[in-house]
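> Provided herewith is a single structure, encoded as structure tokens, for subsequent inquiry.
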């Protein structure tokens with residue numbers, strides 16, 4: 001069955017179409033690209049490089065909606081997440097974030113107290129980054145089934161959807177050449193700035209569906225300060241990406257497919273905390289696919305990585321930085337391979353939809 | 001009771017906080033401006049004028065979320081609406097729309113057929129305007145009460161929230177001086193490009209809640225081509241605004257309050273179709289407060305209005321253009337007054353929340 005047929009066979013959109021895996025990619029490529037096709041969108045990056053008339057600099061433009069539940073979790077909340085996620089999409093394109101447009105779609109019944117906590121959180125993170133919310137929108141929607149099926153329990157569940165759009169200015173060091181999968185060469189190394197899976201683990205624990213107790217904080221953070229340090233030191237970076245929905249497995253698969261290479265990651269070198277490892281084992285899920293919200297994957301020539309790693313380890317956002325893998329020629333038609341602790345290579349496939357449970 | 005107290009007295013967000021009236025304004029001024037305060041946001045316009053380094057031109061930036069039900073209605077659908085609304089927010093600041101960022105938050109169960117219809121609609125309107133969707137995001141959320149209270153009827157209700165963010169480039173003729181309420185002077189005239197209330201009427205009829213039959217099409221349109229015609233002819237315009245949520249009553253009240261003047265509108269000159277007038281009478285609602293999605297209010301010196309009106313009447317988007325009122329000194333502390341058909345002045349107040357029923 002080819003890809004075209006596979007989308008034609010579905011009649012309705014399911015949760016998995018939003019989970020970051022193959023199903024979402026098919027929806028984007030077969031439906032959205034079919035109708036919205038243009039050279040910028042086609043690059044299929046989280047952030048678009050745009051050209052503005054009368055400007056010498058290059059700019060980046062990105063949008064994301066945040067629907068996370070619960071709204072508050074250890075290490076962050078939906079407000080902080082909405083700013084960090086959008087700022088990170090700009091930062092991994094080498095752009096300094098400038099302006100944020102912010103839209104709230106609030107479900108009636110949200111407490112003013114929760115809304116204020118979200119605003120305080122947005123205020124704190126934008127101030128720390130010296131960026132501004134310059135325009136916004138507010139909509140309030142009904143509890144969808146309020147008229148027919150209403151219970152006290154439904155009423156207490158607070159809901160808000162936040163959409164953030166960001167504009168950033170590409171830093172000179174990253175603008176010629178532009179950061180891109182096209183720069184990747186065999187032998188390049190893969191760097192990550194710390195432990196994986198912590199955002200997803202924190203959300204799962206905060207949901208209390210599992211009655212586990214664990215002390216995992218989301219890694220939710222805006223990683224622009226780390227990237228600015230690398231820029232200031234003229235680091236030669238080939239490309240960067242933030243491994244959010246679908247985790248590093250999904251992000252590395254996308255990179256490998258786009259660049260038509262393979263990536264071998266070394267299980268021994270993967271930074272994973274004991275708490276995340278334990279939770280993943282209990283739930284039978286793989287940390288490679290667990291979402292991160294303060295991580296960046298950097299690909300660079302192996303001659304350049306020692307300098308980059310040293311700078312990152314000295315930065316508060318990169319203390320546990322590691323080289324986790326390297327780029328090889330395309331191997332058996334698959335993008336990502338794991339060199340396991342017991343030896344041998346295991347393929348790390350792109351998921352169809354999401355691991356269960358869904359977290360974003 | 002002062003404004004500060006009024007927000008402190010509420011505990012939860014209600015539908016009216018998103019309806020465009022006083023309650024929404026309080027929420028924005030007392031909560032959002034408190035935490036996100038900066039000189040650009042403070043201008044409190046639907047679209048922010050932003051300065052980008054290394055650029056000679058000025059740019060505009062705006063975001064809006066669309067939650068309309070039903071998704072399809074005579075004259076448009078949520079996709080067309082999401083593009084037109086954002087493009088119009090740029091256009092009324094005198095900006096040529098350039099790039100769109102587009103986010104879909106889909107409720108599971110949306111048919112692929114509906115999603116494709118929405119995409120076709122977006123594709124059509126963006127192509128006609130020569131603008132591009134350059135970046136996007138897709139999330140899929142659960143039917144919120146699917147686990148507990150599910151019925152076949154709930155299942156068939158299709159839901160999608162679309163957020164669009166737009167960047168536009170301010171046209172030279174509107175950049176010095178910038179369009180602004182600060183330009184308004186006593187004696188200026190108020191122009192509108194056609195019939196009011198048609199979007200709201202079309203949505204109400206499409207909902208079938210009322211079992212009325214009527215042939216009203218939404219005025220949903222991107223009015224940039226009309227504004228470009230005025231720009232090309234070097235029309236001197238003081239300010240423009242699109243009277244959406246809350247209708248012309250709300251928009252004119254905002255303008256009058258910001259400029260500290262009053263506006264007298266002439267009931268005899270208000271363009272309203274018989275169908276809208278009839279529906280409004282049946283429902284006991286006021287067309288002045290009914291939403292529009294293809295209308296622009298233009299304020300200009302009365303020496304300039306004949307030229308503007310002539311150009312507008314010759315344009316397909318302005319055939320029923322009228323001068324509907326004029327600017328006077330602040331009168332009895334209220335922003336908007338209606339010169340009624342039977343004579344005398346009636347105040348046109350800003351609503352607390354929305355008229356019932358809510359439509360956006």
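> Which whole-number percent gives the relative contact order of the range B:169-276, counting Cα pairs below 8 Å spaced six or more residues apart? Present the calculation step by step, with values, prior to reporting the outcome.
Working: 74 pairs, mean separation 44.4, N = 108.
So the answer I get is 41 percent.
> Moving on to the next point. Which residue, B:89, B:274, B:266, tops the fluctuation ranking in a GNM of chain B built on C-alpha contacts under 10 Å?
Of B:89, B:274, B:266, the most mobile in the Gaussian network model is B:274.
> Over the range B:38-174, what is the mean sequence separation of C-alpha contacts under 8 Å (at least six apart), divided by residue count, expressed as relative contact order in percent? All intermediate terms of the calculation are to be shown ahead of the outcome.
Numbers: 228 pairs, mean separation 52.9, N = 137.
The normalised contact order for the range B:38-174 reaches 39 percent.
> Additional query: Does a label point 7 Å from the Cα of residue A:178, set along Cα-to-beta-carbon, have any residues of the range A:38-73 with amide nitrogen under 11 Å, and which are they?
A:39-45, A:47-52, A:58-61, by backbone N distance to the label point.
> Taking R0 as 22 Å, what's the FRET efficiency between residue B:207 and residue B:142 from their Cβ-Cβ distance, rounded to 0.05?
So the FRET efficiency works out to roughly 0.35.
> Roughly what % of DSSP beta bridges within the range A:38-174 run antiparallel, to the nearest 5?
Looking only at bridges with both residues in the range A:38-174, the antiparallel portion is about 75 percent.
> Something else about it: For the pair residue A:217 and residue B:186, what calculated FRET efficiency results from E = 1/(1 + (r/R0)^6), where r is the Cβ-Cβ distance and R0 = 56 Å, to the nearest 0.05?
Once the sixth-power term is evaluated, E becomes 0.40.
> I've got another one for you. Based on the Cβ-Cβ distance from residue B:274 to residue A:44, what FRET efficiency comes out when R0 is 51 Å, to the nearest 0.05?
0.50
> Label the range B:181-347 by shape, choosing from rounded, prolate and oblate, from the square roots a ≥ b ≥ c of the eigenvalues of the Cα gyration tensor; if a/c is under 1.5 it is rounded, and otherwise prolate applies when a/b is larger than b/c, oblate when it is not.
Oblate, because a/c is 1.5 or more while a/b does not exceed b/c.
> Just to be sure I understand: of the beta bridges DSSP finds with both ends in chain A, what percent are antiparallel, rounded to 5?
Close to 75 percent.
> When only C-alpha pairs under 8 Å and at least 6 residues apart count, what is the relative contact order of chain A, in percent? Write down the numbers at each step before the final one.
Numbers: 715 pairs, mean separation 82.8, N = 360.
It rounds to 23 percent for chain A.
> Place the label 7 angstrom along Cα→C-beta at residue A:234 and in each other copy, then list the distances from the first to the rest in nm, shortest first.
In nanometres, ordered from closest: 5.1.
> Taking neighbour Cβ counts within 10 Å as the exposure measure, how do B:303, A:217, B:139 sort from fewest upward?
Values: B:303 10, A:217 15, B:139 24.
Exposure proxy ranking, most exposed first: B:303, A:217, B:139.
> Give me B:223, A:265 ranked fewest to most by other Cβ atoms within 10 Å of their Cβ, as a rough exposure proxy.
By the 10 Å Cβ count, ascending: A:265, B:223.
> Give me the inter-chain shielding for A:119-132: mean count of other chain Cβ atoms within 10 Å, whole number please.
Going residue by residue through A:119-132 and averaging, the value is 2.
> What's the extension gain from residue A:330 to residue A:346 if we count 0.36 nm per residue and subtract their Cα-Cα distance? Spell out each step's value before the answer.
On the way: separation 16, 0.36 × 16 = 5.76 nm, distance 1.46 nm.
Extending this stretch completely gives an extra 4.3 nm.
> Here's a follow-up. Within 10 Å of each Cβ in A:162-174, how many Cβ atoms from other chains are there, averaged over the peptide? Intermediate values should be presented prior to the final figure.
Values: counts 2, 13, 5, 14, 3, 8, 0, 4, 0, 0, 0, 0, 0.
Rounded to a whole number, the mean comes out at 4.
> While we're here: How far, in nm, would the chain grow between residue A:33 and residue A:51 when pulled straight, counting 0.36 nm per residue and subtracting the alpha carbon separation?
Going from the current span to full extension adds 4.5 nm.
> May I ask for the distance between the Cα centers of the range B:179-219 and the range A:29-102, given as a whole number of Å?
33 Å
> In deg cm²/dmol and to the nearest 500, what is the mean residue ellipticity at 222 nm of chain A if only DSSP H runs of at least 4 residues count, each as -39500 (n - 2.57), divided by the residue total?
-8500 deg cm²/dmol
> What are the nm distances, shortest first, from residue A:182 to its equivalents in the other copies, labels at 7 Å along Cα→Cβ?
Here the equivalent label points are 4.4 nm apart from this one.
> Considering only A:54, A:123, A:14, give the residue with the highest GNM mean-square fluctuation for chain A, with springs between Cα atoms whenever their separation is below 10 Å.
Of A:54, A:123, A:14, the Gaussian network model singles out A:54 as fluctuating most.
> Right, here's the next one. Length gain on complete extension for the stretch residue B:307 to residue B:320, per 0.36 nm per residue less the alpha carbon to alpha carbon distance?
Computed gain between residue B:307 and residue B:320 is 3.2 nm.
> Same structure again: Take every residue in peptide B:106-113, count the Cβ atoms of other chains within 10 Å of its Cβ, and give the average of those counts.
5
> When each pair of different Cα atoms in the range B:1-138 is counted once in the 1/r mean, what is the Kirkwood radius in angstroms, to one decimal?
17.5 Å
> Springs between alpha-carbon pairs under 10 angstrom, Gaussian network model over chain A: which of A:251, A:138, A:163 fluctuates most?
Per the Cα network of chain A with a 10 Å cutoff, A:138 tops the list.
All of the numbers you see were taken from the coordinates with simple rules; none came from a lab. Computed from a predicted model, the values in this text were never measured in an experiment. Don't worry about glycine lacking a Cβ; one is built from the backbone with ideal geometry, like all the others, and counts go over all protein chains shown.
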